[in-house]
Every structure is written in C-alpha cells, then in structure tokens.
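The values are calculated or read from the model by the stated rules, or taken from the named source; none is laboratory data. Bear in mind the structure is a predicted one, so any value in this text is a computation, not a measurement. Cβ atoms come from the backbone with ideal geometry, glycine included; neighbour counts cover every protein chain shown.
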Amino acid sequence: MTTNREYTLRLKVNGDAYESRIDPRMNLADYLREELGLTATHVGCEHGVCGICNVLVDGRAVRSCLMLAAQAEGREVRTVEGLAEGGKLHPIQEAFIEEHGLQCGFCTGGFMMAVCELLENNASPSEEEIKDVVGGQICRCTGYNAIMRAAHNAAAKMGAGGSSAAE
Amino acid sequence: MKSAPFEYAAPSTIGDALQILAENDPDEVKLMAGGQSLMPLLNMRLARPELVLDLGRIADLDYIRETDAGVAIGAMTTKRAVEESDLIRQQHPLFWESTVAIGHPQIRNRGTVGGSMAQADPASEYPAAAIALDVEMVVQGASGERIIAAEDFFVTYLTTALEPGEILTEVRIPRLQPGTGWAFDEVARRHGDFAIVGAVATLALEGGVIRDPRLVIFGAADRALRLRAAEEAVAGRPVSDETFDGTAAPIAQAVEDPLSDVHASEEYRRHLAVVLGGRVLRVAASRAGGGE
C-alpha cells in the first residue's frame, strides 16, 4: 500500500461507472459537483451539521461533505439526479411538490435523499421514525411541518405500489 | 472550508495500517475511521495532517460478535450497525440507547464505534457508557496487542491512552449481570446535537438495598467522569427519595470545574449533572431486579 497525493477513484454514480484522477482531499460533495457536474447535491455548512449535501452511498444516506471521494471507492452513489426516471419524477419529488415541502429549495435535495433511505427500507414508518430522519437536516424556510407531510405522502405513494421509479 | 492537502492511504489489513503508522511521523498522521469528527476538523483546517490513514477498508474490523462474556465489536463497525443489531438491543440495552442518542441517522451511517472511542470527545456518549459498563479497549501496535480498561482509556479532551503507533481494533462489552438496572439520559439543545451534559447509571438491588452502583457523567469535564463519591452515597441504602437526593452534594463537588461556553454556563452544567445524575440512578433502580 503506497501513499499518494493523487488518487484513482472508481465508483458508480446513479448507475453509471466512473474513473477519475482526484486529489485525495476532495470530498464527495465537491467530486459530484465539480468533477461530474451533478450540481443537485448542494453544499451548505461543509462540516456535517446541515444535512443539505446528503446522498446515498450503498443505499445509506450520508453527508457527502463528511466523506472523502476516495472513501466512495467501489461504492454505489445515488444523488437527486438519480431519483427521477424516464422523465418522470420520483414519488418523493412529487410528494414534496404536492405538500409544498420546500420554499427556497436549497436544502430540499438533502431532505429527499434522507427520506429516500428511510422509505426504501421501511414501507410504513411511524411519525417518530420520520422525525428522527427529518431532524437530521436543517431547513430555514418551511418550519418542517410541510416536510413531514411530504414524507408521509411519499410513504403512502410508495407503499401503495405507486412508485414511478424502476425499483 | 476545504481541507489542506494531504497524502492518503487506505490499507485493507490491520498489519498494513500498523506498518504505515510505523513508517511515518506519528504527529503528521491522522487515523480516519468514519470521518464524522475528523472531516469537519480537516474542512476547517483545525487538523492539517501530512497523511490521512483511512482504516475504513479494513473489513476485518467490521463485526459484532457474541462472546462468552458479552459482545465484541470491531472498531470499524458503524453506529448504524450497532443500532440495527438485535443482539445489542436486547442484551446490551444501555449501549444501544447510547448509540441512538449520537447524532442523526445520516451520521450514524458513517460514524464508527472505534472512531468515537478514540476521538474521546468529552461530550460524547460512548466514553460514558464504556466506563459504566467496564468496557475493554483492545489495542494493536508494533509490539502486539494490549487491553485497556475504559476508565483508563479516556485521559482528557480528545486524548486517550493510545500510544503513537497504536490502533484501537475492538471494543469488548461485558453482559450486564441479571437484574442489573441501567439508565441513560442527556440534555441537548436539539435531538442529535452534542449533549450539554449527560449521565449513565447501572446498579443492582438486593432486598431493596442498592448494590454496585455506577454513575458516569459526560459533558461536564475534560472527559467522562465516574462519580465515586456519589456512588458511595447510594451504595447500601434503600431506594428512596432521601437516598437519591443525597447524591446532589457529591455530584456538585465532583463536577468542580465544568466547561463554560456558548452552549451552557458552568452553573447550568453543574445543575444538569446533579439533576441527571439523580435521575438516572432513580430510573436504574426502577429497572433493577425485574422492576421493569
């Protein structure tokens, strides 16, 4: 095992395989935005507090600012761009629109990815389970009630077999 | 908010990791586990190591194993894996409660058991639980393996008994004796924030009398503190308000110089230590001896 100031990263993002030469200090959020141009992952606090940069890594929601891109070696990353399929919005996206689960929209991607992890592992989460997940992100516009409604709505859509996603 | 440059190594075995550690100036290396504490330090350039040694690919350090004495958890096991373990939830409920109090699900998906222990943040949950439960820290270094008791492991702010060149590899949690009562509580501004102060207790009841009490407070000093004087104040006494109220003075005295910062004053932290300390002992008593 050698150490290096340059790292060759191989991973999958939204189903596509990539290989990139990167600086090891580059975090996953910056890699997605700057190397791959996937700018739906927003960056807020850059130290793990706000949750706006959440993405899924092997199906688990993580802060992409608290993960080196190099730590995603061999993993499957999913971003907001990976939610909609075939031009049709994911039920979570539809639910956020229907319930006005956003105002300025800056944090919305982080909420959707966190809710996505929850709903793909738990078809009928309780109010408390949703709160635990939603409480991991900061939204300064909505006051969270609309986001909670959106999460419940999305759970109903996905649980009812109404998922528009391929899964 | 971008890390300074560093070299990066991600060995896949503990042997390779120890060798890389041995070959580099220990002051210039940072070990990375899940990175949930180290990444903010890097991003804010409070840490500027020459080398980040990522232990996250050492698959041999990711396990939860039942043993004769209790459970052994590999240092790179995520908190989420602990949270989702039926074995931990059913047989080690105090450790489970301490786990779900840490951060948010998105943090627990990456943060590891070994990372939190080695980080030794004075406001974090695991060190207090580890001291209360007599957890053993298994450490590997160039000269082999050694075991450090939790109470000796946490030295002061962000400082453990790990020597340069050593890596924490396993955390061994003894099973609670049957009938042992336990409790965990903390006060934080919001769910998932670092605790302002928290407390952990275990105890047994024998004919209505308290035996073997353990009380550990965190967030109130430079490390999680075992409060022996408060334990002595309840040991051998009946379960009563008078008994538990008797811990107030020894707790306040033991928490002599609590942190004072933007989150809470010294006075408030001492107040919380007294209130939470008494409360976890009461709850532990209510759960002891088949009380719950």
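Here are the numbers for this structure:
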{"quantity": "Matching entry among A:Gly51, A:Gly37 (being touching a Gly at 6+ places or on another chain (Cβ under 6 Å) and either surrounded by fewer than 14 Cβ atoms within 10 Å (Cβ to Cβ) or more than 30 Å from B:Asn24 (Cβ to Cβ) (or both))", "calculated": "A:Gly51"}
{"quantity": "Qualifying positions in segment B:55-76 - surrounded by 21 or more Cβ atoms within 10 Å (Cβ to Cβ) and within 14 Å of chain A (Cβ to nearest Cβ)", "calculated": "B:Leu55, B:Gly56, B:Ile58, B:Met76"}
{"quantity": "Qualifying residues in segment B:1-28 (those that are within 10 Å of chain A (Cβ to nearest Cβ) and of a type in the set (Val, Ile, Thr)) - the one surrounded by the fewest Cβ atoms within 10 Å (Cβ to Cβ)", "calculated": "B:Thr13"}
{"quantity": "Residue under evaluation B:Gly236, criteria (1) part of a loop (DSSP other than H, G, I, E, B); (2) at pLDDT 95 or above; (3) surrounded by 15 or more Cβ atoms within 10 Å (Cβ to Cβ), criterion not met", "calculated": "(3)"}
{"quantity": "Qualifying residues in segment B:36-54 (those that are touching a Gly at 6+ places or on another chain (Cβ under 8 Å) and assigned to a loop (DSSP other than H, G, I, E, B)) - the one nearest to the other protein chains (Cβ to nearest Cβ)", "calculated": "B:Gln36"}
{"quantity": "Counted residues, segment A:91-108 - those being farther than 12 Å from A:Asn153 by Cα and in contact (Cβ under 8 Å) with a residue 60 or more places away in the chain", "calculated": "2"}
{"quantity": "Pairs, first farther than 13 Å from A:Leu68 by Cα in segment A:21-50, second assigned to a loop (DSSP other than H, G, I, E, B) and hydrophobic (A, V, I, L, M, F, W, C), C-beta under 6 Å, six or more apart", "calculated": "A:Thr41/A:Cys53; A:His42/A:Ile52; A:His42/A:Phe106; A:Val43/A:Cys53; A:Gly44/A:Cys50; A:Gly44/A:Ile52; A:Cys50/A:Ile138"}
{"quantity": "Verdict on B:Val135 being without any contact (Cβ under 8 Å) to a residue 60 or more places away in the chain, assigned by TED's automatic domain parsing to the domain that holds B:Thr247 and hydrophobic (A, V, I, L, M, F, W, C)", "calculated": "no"}
{"quantity": "Hits in segment A:10-51 - residues which are within 11 Å of chain B (Cβ to nearest Cβ), in a strand (DSSP E or B) and hydrophobic (A, V, I, L, M, F, W, C)", "calculated": "A:Ile22"}
{"quantity": "Test: residue in segment B:168-184 that is at pLDDT 95 or above, closer than 30 Å to A:Val134 by Cβ and surrounded by fewer than 22 Cβ atoms within 10 Å (Cβ to Cβ)", "calculated": "no"}
{"quantity": "Qualifying residue in segment A:67-76 (condition: under 21 Å from A:Ile147 (Cα atoms), out of contact with any His (no Cβ under 9 Å at 6 or more places or on another chain) and part of a loop (DSSP other than H, G, I, E, B))", "calculated": "no"}
{"quantity": "Breaking point among (1) within 18 Å of A:Asn153 (Cβ to Cβ); (2) within 13 Å of the chain's Cα centre (by Cα); (3) within 14 Å of chain B (Cβ to nearest Cβ), for A:Arg78", "calculated": "(1)"}
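Listed here are the residues, each with its yes/no results for (1) in contact with a Lys or Arg (Cβ under 6 Å, 6 or more places away or on another chain); (2) free of Cβ contacts under 8 Å to residues at least 40 places away in the same chain; (3) loosely packed, with under 13 Cβ neighbours inside 10 Å.
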| site | (1), (2), (3) |
| --- | --- |
| B:Thr156 | yes, no, yes |
| B:Glu163 | no, yes, yes |
| B:Asp193 | no, yes, no |
| B:Arg228 | no, yes, no |
| B:Gly246 | no, yes, no |
| B:Gln253 | no, yes, yes |
